[in-house]
Amino acid sequence: MANTREIVTKAVIGKGKKTFTTTNRAKAEEVPTTILGCWVINHNFSGVKSGDKITIQGSYDVNIWYSYDHDTKTNVLKEKNTYSEVVNIRPRNESDTAVGSEDIIVRSLKQPSCTKVEIDQGEIVYTIEKELGIELVGDVKVKIATDDSEDPWEEIIDEKELDQKIEEEVKENFIEENNTF
């Protein structure tokens, strides 16, 4: 006969991903002639739940390599950018979750990278794109079927008792007693 039991465990109750694009303007020390490269490093972030929304706070450093003075000299512009992104994630099944017991896991699915950089009226304009994945982890109840029938018990044989039993049953004079030729 099968019964059911309820187990309370942690599970992913909401999940989503979102791509964020931001455009920034930066003023270099010199008037740039050509952009030679742009890279993003030191990406840090964390998520906090507030009401029905998740706020992701983060930062990254942008390094833009450019030439100036008619492409005869180069320099690197370094900027630290911070961001605050707000996303909505609803639990998959709200009836299974306990209110306020969720944990937030934020992952960078695509690290911030520069998708476009150009010079506009002596300033550097660059576009950064990143993709973040958010998981909401909470308590859920899982019902499982249980089997109340019991497996048969295995007989445990004590080796000392077995050796003693063999000693008692073995007759040393068996051949002499049964020799009737």
Exercise. Compute the signed sum of charges (Lys and Arg +1, Asp and Glu -1) over the other residues within less than 9 Å, Cβ to Cβ, of ASN3.
Key: -1
Quiz item: Taking the Cα-to-Cβ direction at LYS78 and at THR34 and moving 7 Å from each Cα, how far apart do the two end points lie in nm?
Solution: 2.5
Quiz prompt | GNM flexibility winner over the chain from GLU154, GLU118, GLU102 (Cα, springs under 10 Å) | solution = GLU154
Practice problem: May I ask for the net charge around PHE20, where only other residues with Cβ less than 11 Å from the Cβ of PHE20 are counted and Lys, Arg are +1 while Asp, Glu are -1? | Solution: +1
Quiz item: In what sequence do ILE144, ILE89 fall when counting other Cβ within 10 Å, fewest first?
Solution: ILE144, ILE89
Quiz item: Counting only residues 5 or more places away or on other chains, whose amide H sits under 5 Å from the amide H of ILE89 once H atoms are built in the peptide plane?
Solution: ILE54
Quiz item: Roughly speaking, what is the stretch gain from ASN88 to THR23, that is 0.36 nm per residue apart minus the C-alpha to C-alpha distance, in nm to one decimal?
Solution: 21.1 nm
Practice problem: Could you go through segment 127-141 in sequence order and give the Karplus-derived ³J(HN,Hα) for each residue, using 6.51 cos²θ - 1.76 cosθ + 1.60 with θ = phi - 60°, rounded to whole Hz, and x for Gly and Pro? | Solution: 10, 10, 10, 9, 10, 10, x, 10, 10, 9, 10, x, 6, 9, 9
Quiz prompt | Highest-fluctuation residue, LEU77, LEU36, LEU162 considered, GNM on the chain with Cα pairs under 10 Å | solution = LEU162
Practice problem: As a check on your grasp of the helix formula, calculate [θ] at 222 nm for the chain: sum -39500 (n - 2.57) over DSSP H runs of n ≥ 4, divide by the residue count, round to the nearest 500. | Solution: -2000 deg cm²/dmol
Quiz item: VAL125: net charge of surrounding residues, Cβ under 13 Å, Lys/Arg +1, Asp/Glu -1, itself excluded?
Solution: -1
Quiz item: Along the principal axes of its C-alpha atoms, what lengths does segment 2-146 span, in descending order and rounded to whole Å?
Solution: 82, 26, 17
Exercise. Anything over 30 Å Cα to Cα? Flag those among LYS17/LYS80; LYS10/LYS110; LYS17/LYS116; LYS73/LYS110; LYS10/LYS116; LYS73/LYS116, in the order listed.
Key: LYS73/LYS110; LYS10/LYS116
Exercise. Would you grab the residues whose amide H sits under 5 Å from the one on THR33? Only those 5+ places off in sequence or on another chain, please, with H modelled 1.01 Å from N.
Key: SER67, TYR68, ASP69, ASP71
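Only the coordinates and a few stated rules stand behind these numbers; no lab work does. All of these numbers come straight from a predicted model, not from anything done at the bench. Quick reminder, even Gly has a Cβ in these numbers, built from the backbone with ideal geometry, and neighbours come from all protein chains shown.
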